[in-house]
Amino acid sequence: MVNGLIGYGCRIFYGIKAVRFVLSDHSQLKYGARLINSFLGPNATISCCEVLNSLIFPAHEQHHNNSFLCAATVMGQSNIAAGATLGSNHNSRGADGEVIMGRGFWPGLCVSIKHNSVFASFSLLTKGDYNYELNIPIPFSLISNDPIKEELVIMPGYWFLYNFYALARNAWKYFDRDKRKYKTPIFEYDYLAPDSVNELLNARKIIAEAVANAHLKNEKKSSPINQSELFELGNSLLQKKSKQEIEKLEITADGFENSKRKVQLIKSYDAYHMFEKIIFMYGMDALIRCIDTNNHKNIISAIQQINFSSNTLHWMNIGGQLIPSENVEQLLNNIKSGTIKNWNEVHDFYNAASESYHTNKDLHALTILQELTNIQFNQITISQLFHWLDSYVEFKKDITHKIFTTRAKDYANPFRKMVYENEAEMDAVIGSLADNEFINNQNRLLQELTQKISSLKKTLISN
């Protein structure tokens, strides 16, 4: 180890090499890892890997043999699979490339991608060589190559549609594994947060516009000049047409890949409607917290009097800490102007951002709920709130069921079961489904929420 800074609680062992590096608290370097010109965030692990010129945020997992070959910004909660080569260093005439990966980035086995590439939160890449630069703005997507048609295929919302168990459990797991004695700054581990939800809002527009263009092409009509009109057309089609009618269209996207080949969007109907439900749930989570703070007194009045702030709409991920963009710009301006004179004052800014995070996050969620439902809180009625509460509980039930069924598949799959003598042996090795702590906890939380909503509705009626 040469020219490095090492935080508290780190573990470093078995033949590692680190040069010009920062290792944050409770992180690990092991088994021949190489960390050069790089920053590794808290509660992260690098094992058997080569990492150069990279800025890595908290809760990063990188095992087996894989490499970052050019500059990378990895925004946390990533898991890099064996054989991944991220950022080829042979497609430029200068050392000027970078790969930027949103929270929850997960490349599959032996994935190879080129710089410059940018990925939205919770992007999952299937095994393969991605020979062109990528710009994937739709979060929670499964990205794959179709070698027969020579197309890039994007499945928006894969995690919500097919693997809710892993998505929800990872959020719980990262929080549980945060070994810091003092949890400041606050790192966001939930898959739904201002950064990912803003990407979901943008993704719905992208999907709607792509559906509208596909419909117009199918009808041999020209596209509207106004982009908002294109979105309205796509939204109307997705609301009024059946899933079968939408899926018959050839839905493609522009600007996702630096190539001339097609980029197909699949499962667009399912993703669009799932995104709407997920964003609604994010807003309702905050609304329930707001009602709880008011101790169930004058609920409608309390909701109508919520004060919104425009500076909580746009956010940035600063080292795993989510902060409103306007506040970050103010920090930079204060540093440049000399208003902030030393590091202690910079740290004070981050501490203040942590203290106000949950309040600002809830304001963001409530603002998004207004935008999604097109209902202003100062005009909300008891009947409208009842409708929201009923929809919210039903969707929570659906998510809890999805969490169970996506894990249950592993116990029903004959190819997973065939290596065990019998079911009892399988349960002894991997644990029984009935004893799954995470699933049982989700069921308890759903039961508590159902009781809470029932109590809220009684309070509303009595008021």
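The values are calculated or read from the model by the stated rules, or taken from the named source; none is laboratory data. Here the structure is a predicted model, which means the values were calculated and not measured. When we count neighbours, we look across all protein chains shown, and the Cβ atoms used for this are built from the backbone with ideal geometry, even at glycine.
Just a few scattered comments:
- Top-ranked residue of the range 404-437 - restricted to ones that are within 22 Å of Phe160 (Cβ to Cβ) and among the small types (Gly, Ala, Ser), ranked as surrounded by the fewest Cβ atoms within 10 Å (Cβ to Cβ): Ala412
- Taking the criterion of being farther than 23 Å from Glu250 by Cβ, modelled with pLDDT under 95 and among the β-branched types (Val, Ile, Thr), the residues of the range 107-159 that qualify are Val111, Ile113.
- Scanning the range 17-38 for residues that are of a type in the set (A, V, I, L, M, F, W, C) and either out of contact with any Leu (no Cβ under 7 Å at 6 or more places or on another chain) or surrounded by fewer than 19 Cβ atoms within 10 Å (Cβ to Cβ) (or both) returns Val19, Val22, Ala33, Ile36.
- Taken together, Ala271, Ala286 contain a single residue that is assigned to a helix (DSSP H, G or I) and touching an Asp or Glu at 6+ places or on another chain (Cβ under 6 Å), which is Ala286.
- Residue in the range 423-433 that is in a helix (DSSP H, G or I), under 30 Å from Phe275 (Cα atoms), of a type in the set (A, V, I, L, M) and free of Cβ contacts under 8 Å to residues at least 60 places away in the same chain present: yes
- Strands (runs of 3 or more DSSP E) wholly inside the range 1-51 that include at least 1 residues being free of Cβ contacts under 8 Å to residues at least 60 places away in the same chain and of a type in the set (S, T, N, Q): 2-6, 28-30, 34-40, 45-47
- Residues of the range 160-175 classified as within 13 Å of Glu437 (Cα to Cα) and either outside any helix (DSSP H, G or I) or at pLDDT below 90 (or both), total: 2
- Options Gly76, Gly83; residue that is small (Gly, Ala, Ser), modelled with pLDDT of 85 or more and surrounded by 21 or more Cβ atoms within 10 Å (Cβ to Cβ): Gly76
- Evaluation of Asn327 against (1) outside any helix (DSSP H, G or I); (2) touching a residue at least 24 places away in the same chain (Cβ under 8 Å) (one fails), failing number: (1)
- Note on the range 118-139: residues that are surrounded by fewer than 19 Cβ atoms within 10 Å (Cβ to Cβ) and among the hydrophobic types (A, V, I, L, M, F, W, C) amount to 1.
- Counting only strands (runs of 3 or more DSSP E) that sit wholly inside the range 59-157, those with at least 2 residues that are touching a residue at least 12 places away in the same chain (Cβ under 8 Å) and aliphatic (A, V, I, L, M) are 71-74, 98-101, 142-146, 151-155.
- Residues located in the range 333-369, provided they are small (Gly, Ala, Ser) and more than 17 Å from Ile323 (Cβ to Cβ): Ser337, Gly338
- Considering (1) of a type in the set (Gly, Ala, Ser); (2) surrounded by 19 or more Cβ atoms within 10 Å (Cβ to Cβ); (3) in contact (Cβ under 8 Å) with a residue 40 or more places away in the chain, the lone condition that Ala212 does not fulfil carries the number (3).
- One residue from Ile303, Ile368 being part of a helix (DSSP H, G or I) and within 19 Å of Asn202 (Cβ to Cβ): Ile368
- Flag for Lys114 being over 21 Å from Leu200 (Cα atoms) and buried (at least 22 other Cβ atoms within 10 Å of the Cβ): yes
- Top-ranked residue of the range 234-273 - restricted to ones that are of a type in the set (S, T, N, Q) and touching a residue at least 60 places away in the same chain (Cβ under 8 Å), ranked as nearest to Lys220 (Cα to Cα): Gln264
- Condition met for Lys452 (assigned by TED's automatic domain parsing to the domain that holds His387, assigned to a helix (DSSP H, G or I) and farther than 27 Å from Trp172 by Cβ): no
- Any hit, the range 257-279, residues being among the acidic types (Asp, Glu), crowded, with 22+ Cβ neighbours inside 10 Å and under 18 Å from Ile143 (Cα atoms): yes
- Restricting the range 151-161 to residues that are over 17 Å from Phe395 (Cβ atoms) and in contact with a helix residue (DSSP H, G or I) (Cβ under 8 Å, 6 or more places away or on another chain), the residue that is surrounded by the fewest Cβ atoms within 10 Å (Cβ to Cβ): Met155
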